[in-house]
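Enquirer: There's a structure below that I have some questions on.
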Amino acid sequence: MKKLIFSSWILLLAISVSAQTDNNAQKILKEVSAKTKSYNTIRLEFTYKMENKAQSINDSYKGVLISKGDKYKLTVSGQDVISDGKTVWTYLQDANEVQVNTVSEDEETINPTNLLSSYNENFKSKLIKETPQEQIIELTPIKKKNFNKVKVIIDRTKKSVTSLSIYDKNGSIYSYIVNKMDVNQNFYDNMFTFNAAAHPGVEVIDMR
């Protein structure tokens, strides 16, 4: 479950839009991308929800994400995922265990600092609803993936994502609601590396 939560959240933060999109949706997403790129740092407090009516699942967790360039720290559901842009540390708090990996350069790898900031040919997008307060865009993957669509809700004034829902093929919905967003705060680079000395007895599993 912990790995699934992290993987889904990373997907949230790296969604790219396609040239195969309606003009309104493309314009909105470009505005969100430009706004996101203008920030030196971003700190998000969010709620993660996983629902599956057929399986009577309705889980909810709180989390925090801090990003600075290609560096980030994600804390959610008993784990910290930290990256300095080259290495990723996944620390499991209850096990006092950290897994160390190299950041992959594979084109399918999702980087959580890329929130709607890169454009490729992975998705078709469509503006499905618009109000004075928000805009709702539906993203559909062009290539086969393990989910059918993604619904993004955007604050019309702030040009920022307020929630995102991923609909997978098994009937589950993974939703992320941004509760608070702070930008351009001063975060030191040592926040984005794992400090083993701060966790006495930690088991280090180096998978590089």
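Enquirer: Using a 7 Å offset from the Cα along the Cα-to-Cβ direction at both ALA198 and ASN40, what is the distance between the two label points in nm, to one decimal?
Expert: Inter-label distance under the simple model: 2.1 nm.
Enquirer: Still on this structure, I have one more. Using the Karplus curve 6.51 cos²θ - 1.76 cosθ + 1.60 with θ = phi - 60°, what ³J(HN,Hα) values do you get for each residue of the range 157-169, in whole Hz, with x for Gly and Pro?
Expert: 7, 7, 6, 9, 6, 9, 7, 8, 10, 9, 9, 8, 6
Enquirer: Near the amide H of ASP22, under 5 Å away, which other amide H atoms are found, from residues 5 or more places off or on another chain, if H is placed in the peptide plane?
Expert: SER125, LEU127
Enquirer: Where q = 0.15, 0.17, 0.20, 0.27 Å⁻¹, what log10 of I(q)/I(0) comes from the Debye formula for the range 144-208, counting one point per Cα?
Expert: -0.85, -0.88, -0.88, -1.11
Enquirer: Peptides 95-102, 36-43, 78-85, 56-63: what's the order by average Cβ count within 10 Å, highest mean first?
Expert: In descending order of packing, they fall as 78-85, 36-43, 95-102, 56-63.
Enquirer: In nm, what is the difference between 0.36 nm times the number of residues separating LYS169 and LYS49 and their Cα-Cα distance?
Expert: 41.5 nm
Enquirer: Pull out the extension gain between ASN146 and VAL64, defined as 0.36 nm times the separation in residues minus the alpha carbon to alpha carbon distance; nm, one decimal.
Expert: Length gained between ASN146 and VAL64: 27.0 nm.
Enquirer: Between ASN24 and ASP189, what is 0.36 nm times their sequence separation minus the Cα-Cα distance? Round to one decimal in nm.
Expert: 55.6 nm
Enquirer: Sticking with the crude label model, points 7 Å out along Cα→Cβ, report the distance from ASP94 to ASN179 in nm, one decimal please.
Expert: 2.0 nm
The numbers here are math on the coordinates, done by the rules we state, and not lab data. What you see is a predicted model; the values in this text were computed from it and never measured. Glycine also receives a Cβ, built like all others from the backbone with ideal geometry; neighbour counts cover every protein chain displayed.
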